[in-house]
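J.: First the structure, which I've put down as structure tokens, then a few questions once you've had a look.
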Amino acid sequence: MTTLMDPQTQTSFDQAKAEAFAGSLLETLNRGGLTLMISIGHRTGLFDTMADLPWSGSQEIAQAASLNERYVREWLGAMVTGRIVAYDAAQETYCLPAEHAAYLTRAAAADNIARTMQWIAVLGYVEDKIVDKFKHGGGVQYCEYHRFHEVMAAESEHSVASALRPHILPLAPGLLDDLEAGIEVLEIGCGSGGASCRLAEMFPNSVFTAYDLCEDAIAAANATKAARRLTNVTFATRDVSQPIEPQRYDAVLAFDVIHDQRNPAMVLQRVRAALKPGGVFLMQDIAASSHLEKNLDLILGPLFYTISTMHCMTVSLAQNGAGLGTVWGQELAVQMLGDTGFQHVQVHKLKHDIMNNYYIAR
């Protein structure tokens with residue numbers, strides 16, 4: 001078990017400890033570079049291409065992927081030295097092992113970790129702005145992030161949209177039957193609308209309303225709605241900290257939304273007021289503790305705090321908000337739901353989603 005360092009226990013400089021730490025920093029540097037290369041491999045389709053190829057040269061791989069050979073060859077250098085792609089030096093050929101493809105290709109669906117690697121480049125895009133906020137305070141606005149909604153939509157497709165019927169909705173007893181029969185549902189912070197569009201397709205007897213603060217996200221959602229010819233879902237730009245239609249909805253959904261709101265406590269109050277008596281609130285949010293010392297062994301702890309610093313916390317502060325942050329934690333989430341007036345709160349974890357908790361509140 002990792003423990004917090006006690007500053008009183010170190011009385012002399014430990015050279016071996018220092019050298020081990022330097023080595024870990026160099027490994028982090030290498031892995032950081034590899035993260036960007038894995039993101040590129042995902043975006044260019046190189047992993048998908050290589051998964052279907054036998055041992056091949058760089059020219060064959062580039063041709064199969066319709067890409068420039070010189071760039072592909074250099075990318076392959078990163079993949080080989082990063083122990084992701086196998087290399088036959090005698091034949092100058094490359095192969096993506098099936099065991100690696102299982103976590104790097106689009107065919108891997110929810111197991112595709114390469115898709116998540118894109119966040120490093122997305123967050124790096126605003127590094128200069130974040131450094132400025134360290135010095136002067138304030139926050140970075142949603143609109144200043146490049147590709148945010150695109151990457152978020154891809155992430156949500158596998159962690160949320162495709163998991164709704166088999167995994168997520170059954171967490172709330174009776175909700176699937178109610179949706180089949182026909183109820184009114186609100187999704188807040190809907191982003192590009194993937195979840196609500198999927199729900200509207202699956203449950204034609206129900207009516208769905210979805211709000212998001214960002215106009216470009218709502219535009220994307222409406223485009224998806226039009227392309228799928230859906231008539232039972234409505235998307236609109238709206239600040240959900242403002243009053244929502246009282247006691248209108250049988251269910252309210254919030255997927256990875258509450259912690260980056262300007263006023264999360266007020267949003268939870270609006271959610272409760274919008275529910276009919278007996279209605280259910282289904283909330284997905286980051287699986288972590290509210291206490292730093294309990295997150296020391298959290299497998300994605302450094303990533304969560306990085307995302308918080310460079311997105312979730314700062315976009316809230318940009319609105320003069322609470323800056324709750326990504327790692328507000330299960331304890332605070334349960335407390336805030338209780339303070340809002342939800343009397344029955346259950347917390348669930350799902351095997352397909354190592355990043356999130358699922359809260360059912362009535």
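J.: Rounded to the nearest 0.05, what FRET efficiency do T28 and A273 have when you use their Cβ-Cβ distance and R0 = 35 Å?
T.: Working: r = 46 Å, r/R0 = 1.32.
So the FRET efficiency works out to roughly 0.15.
J.: What ³J(HN,Hα) values, in whole Hz, does the Karplus curve 6.51 cos²θ - 1.76 cosθ + 1.60 give for region 353-358 when θ = phi - 60°, with x put for Gly and Pro?
T.: Listing the rounded values in order: 9, 7, 8, 10, 9, 10 Hz.
J.: Another one. As I understand it, the dipole of the chain uses +1 on the Cβ of Lys and Arg and -1 on the Cβ of Asp and Glu, about the Cα centre. Which of M50, V271, L123 lies farthest toward its positive end?
T.: V271
J.: What is the gain in length, in nm to one decimal, between I130 and T81 on full extension, counting 0.36 nm per residue of separation less the C-alpha to C-alpha distance? Before the final figure, lay out each step's value.
T.: Working: separation 49, 0.36 × 49 = 17.64 nm, distance 3.18 nm.
Difference between extended and current length: 14.5 nm.
J.: Let me ask something else about it. Whole-Hz Karplus ³J(HN,Hα) for region 197-204, in order, using 6.51 cos²θ - 1.76 cosθ + 1.60 and θ = phi - 60°, x for Gly and Pro?
T.: Running phi through 6.51 cos²θ - 1.76 cosθ + 1.60 with θ = phi - 60° gives 5, 5, 5, 4, 5, 6, 10, x Hz.
J.: Over the chain, what is the relative contact order in whole percent, taking alpha-carbon pairs under 8 Å and six or more residues apart?
T.: Numbers: 571 pairs, mean separation 46.5, N = 362.
So the answer I get is 13 percent.
J.: With a ≥ b ≥ c the root eigenvalues of the C-alpha gyration tensor of region 156-287, is it rounded (a/c under 1.5), prolate (a/b larger than b/c) or oblate?
T.: On the way: a/c = 1.32, a/b = 1.07, b/c = 1.23.
Here region 156-287 falls in the rounded category.
J.: Here's another thing I want to ask about it. Ignoring ligands and nucleic acids, what accessible area does K349 show with a 1.4 Å probe (Å², nearest 10)?
T.: Spelled out: K349, probe radius 1.4 Å, area about 140 Å².
J.: Suppose every K and R has +1 on its Cβ and every D and E has -1 on its Cβ; what is the size of the dipole of the chain about the Cα centre, in Debye to the nearest 20? Don't skip to the answer; put the middle values down first.
T.: Details: 27 positive and 40 negative charges, 122 e Å.
Approximately 580 debye in magnitude.
J.: Looking only at the chain, where both bridge partners belong to it, what percent of the DSSP beta bridges are antiparallel (to the nearest 5)?
T.: That works out to approximately 45 percent antiparallel.
J.: Separate question: Does the chain come out rounded, prolate or oblate by the C-alpha gyration tensor, with a ≥ b ≥ c the root eigenvalues, rounded set by a/c under 1.5 and, if not, prolate when a/b is larger than b/c and oblate if not?
T.: Here the chain falls in the oblate category.
J.: Also, quick follow-up: Cut-off 17 Å, label point 7 angstrom out along Cα-to-Cβ of A181: give me the residues of region 200-220 whose amide nitrogen falls inside.
T.: Only 203-207 pass the distance filter.
J.: Oh, and also: Would you list, by chain and number, the aspartates and glutamates whose Cα falls below 20 Å from the Cα of K351, excluding same-chain residues fewer than 8 positions away?
T.: Here the aspartates and glutamates satisfying the reach criterion relative to K351 are E99, D111, E155, E157, D256, D285, D297.
J.: Just to verify a number: FRET efficiency for L332 and D111, C-beta to C-beta distance, R0 = 30 Å, to 0.05?
T.: Calculated value: 0.50.
J.: Long-range amide H contacts for V85: which residues qualify at under 5 Å (H placed 1.01 Å from N, peptide plane, sequence gap of 5 or more or a different chain)?
T.: For V85, whose amide H was placed from the backbone, the distant partners under 5 Å are V80.
J.: Follow-up. Residues of region 311-342 with the amide nitrogen closer than 12 Å to a label point 7 Å from the Cα of C143, along Cα-to-Cβ, please.
T.: The answer is none.
J.: Taking θ = phi - 60°, what integer Hz values does the Karplus form 6.51 cos²θ - 1.76 cosθ + 1.60 yield along region 215-226, in sequence order, with x for Gly and Pro?
T.: 5, 5, 5, 5, 4, 5, 5, 5, 5, 5, 4, 5
J.: Would you grab the residues whose amide H sits under 5 Å from the one on V280? Only those 5+ places off in sequence or on another chain, please, with H modelled 1.01 Å from N.
T.: A251, V252
J.: Then there's this: Rounded if a/c is under 1.5, else prolate if a/b is larger than b/c, else oblate: which is region 15-128, with a ≥ b ≥ c the root eigenvalues of its Cα gyration tensor?
T.: The shape class here is prolate.
J.: Continuing with this model, one more query. First select every other residue whose beta carbon is under 13 angstrom from the beta carbon of L268; then total the charges, Lys and Arg +1, Asp and Glu -1. Before the final figure, lay out the partial values.
T.: Values: positive: R262, R270, R272; negative: D285, D339.
Net charge around L268: +1.
J.: OK, next. Keeping all protein chains in position, work out how much accessible area H42 exposes to a 1.4 Å probe, and write it in Å² to the nearest 10.
T.: Counting only protein heavy atoms, H42 exposes about 20 Å² to solvent.
J.: For N357, enumerate residues with amide H under 5 Å from its amide H, sequence gap 5+ or separate chain, H modeled in the peptide plane.
T.: Answer set, sorted by chain and number: D285, I286, A287.
The values are calculated or read from the model by the stated rules, or taken from the named source; none is laboratory data. Here the structure is a predicted model, which means the values were calculated and not measured. With ideal geometry, Cβ positions are generated from the backbone for all residues, glycine too; neighbour counts draw on all protein chains shown. Protein only, heavy atoms only, side chains kept; ligands, DNA and RNA dropped before computing areas. Shrake-Rupley method; radii C 1.70, N 1.55, O 1.52, S 1.80 Å.
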